[in-house]
Amino acid sequence: MPTTVSASSLTSPLRLTFPTISQVNGKACNLTIVSMSWAKNGFPSLRTSRFRVSCAAKPQTVEKVCDIVRKQLALPAETELTPESKFSALGADSLDTVEIVMSLEEEFGINVEEESSENITTVQEAADLIEKLVQSKA
Amino acid sequence: MNFHCFQRSFSPASSSYQSPLVPVNLPSPMETHFWFVLPDQIRSSSLMNRYSELLSPCEKDHVLSMRGDQLRKSALLARALVRTTIARYVDQTNSLVDPKSLKFRKNSYGKPEVDWENADWQPAPLHFNISHTSSLIACGVTVDAQIGIDVEEKARKIKSHVLAFARRYFSSHELEHLSAITNPEIQRQEFMKLWTLKEAYVKALGRGFSAAPFNTFTIRFRPVIPKGEIRVLKDTDKKASEIIVESFDDPNILTSNWQFALMELDGSHYAAICMEKAKLVEGKEPLPLRLSVRRTIPFVEDECITGTNML
């Protein structure tokens, strides 16, 4: 049976550690020591003792970005929006891009430097930057 | 790329009225030629096809990458406008330059410019910059001076509140200026004017937005006191004022290389132009920025716009 972790409360800090070797279905299984902690703003972060795991943007982040972009550009429902969609190809001008960045800042509680916002040209790039900023806040 | 005509148009912008491009004289020092196209005036599919034939394969790909007919049309018209406009100036001999033959490249910061390498002729050092909204596409041209332009619909509504936006992105002086305006509609209009001027400045600098973040410089109207008069003019006295930019890196030094113009086009758009000042000739007065505005439908008609509403 795989070990699962569930948190019943977000208010108290939760610290769990796993042993280096555990018995799973009778077979030895190597696990590196992993601890999970809840960051101050409620976003979980995952750290290992050997290396930092950096994740590609979560699907829900990508989806939220898509929603914001759709709303800002007033895209018709039939316009396809993928992570690779370029804002400029959707008709965004620089004022739209700045407004999108502002909405993302509000939605995710982050602050985007103007230099970074120049590099946000697709949904994926926006989502990746958001994840990076959210993680560095944690 | 083929464009289908969705409605019959009886305007002159139909294939039977097409003619060669009319050549024009080069802009003089401190003069900007401002050309614009109104996409709604162009409905002929044969005209659109003619425009698309001017584009390089790369430009065609870019047009096709746009999502939606209107966006594709805008992108096509923008490239056609740049090519046909530059072509009018390039060859001052009797033979017309083919707009299709022009080559373009981007400078190290990504600003588009004409690539004269391998050209057969010695052209003047033309500079250009384009800007478009869904309803107006513009191209500004100068000789030997950096230029940036920006056009926006007057009626454009931003999603956030004007002051929230200004607090986040504009300079404190500009925020103060906007905060002092009580009428929300006027406030929104002043915001749009500031936005276009700031955009035009950054585009003229040509080094990308990170080289001049919006909150590091202020654009404002400064009263111009005519020589010999001692008069106190209000900051809002636009009739005798000039637009200036101040950089926060050193607030005591005006960023005086740049000259601005702001106008209202077609009753529906704000257009801002930022142009590098001509080098001063010893003993001579600096030249004021002159503007020559032309509405065009390339290969069909050109119209000089006089009495443009300068703001």
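Data table
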quantity	calculated
Calculated from backbone phi, Karplus (6.51, -1.76, 1.60) coupling profile of region B:79-90 in Hz, x at Gly/Pro	5, 4, 4, 4, 5, 5, 5, 4, 4, 5, 9, 5
Projected label distance in nm at B:ASP98 and B:ASN25, using a 7 Å step from Cα toward the beta-carbon	3.0
Region A:59-137: relative contact order in percent, alpha carbon pairs under 8 Å with at least 6 residues between	40
Added length on full extension, which subtracts the Cα-Cα distance from 0.36 nm per residue, B:TRP116 to B:ALA211	31.6 nm
Rg(Cα)/(2.2 N^0.38 Å) for region B:37-191, N = residue count	1.28
Estimated distance in nm for a label pair at A:GLU78 and A:SER116, the labels positioned 7 Å out from Cα along Cα-to-Cβ	3.8
Debye, to nearest 20: dipole size of region A:59-137, +1 on Lys, Arg Cβ, -1 on Asp, Glu Cβ	200
Prolate/oblate/rounded label for region A:59-137 (Cα gyration tensor, a/c 1.5)	prolate
Members of B:LYS60/B:LYS193; B:LYS154/B:LYS277; A:LYS64/A:LYS86; B:LYS159/B:LYS193; B:LYS203/B:LYS279 lying beyond 22 Å, as alpha-carbon distances in this model show	B:LYS60/B:LYS193; B:LYS154/B:LYS277
Distance between modelled label sites at B:ALA124 and B:SER65, nm, 7 Å Cα→Cβ extension	3.3
Per-pair calculated FRET efficiency, R0 = 30 Å: B:ASN183 and A:GLU105 via Cβ, rounded to 0.05	0.60
Ranking of B:ARG105, B:ARG168, B:ARG79 by count of other Cβ atoms within 10 Å, fewest first	B:ARG105, B:ARG168, B:ARG79
Loop sites in region B:105-196: chymotrypsin sites (Phe, Trp or Tyr not before Pro), DSSP, at most 14 other Cβ within 10 Å	B:TYR109, B:TRP121
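Read the figures in this text as sums done on the coordinates, not as results from a lab. The structure presented is a predicted model; accordingly, all values stated were derived computationally and were not measured. With ideal geometry, Cβ positions are generated from the backbone for all residues, glycine too; neighbour counts draw on all protein chains shown.
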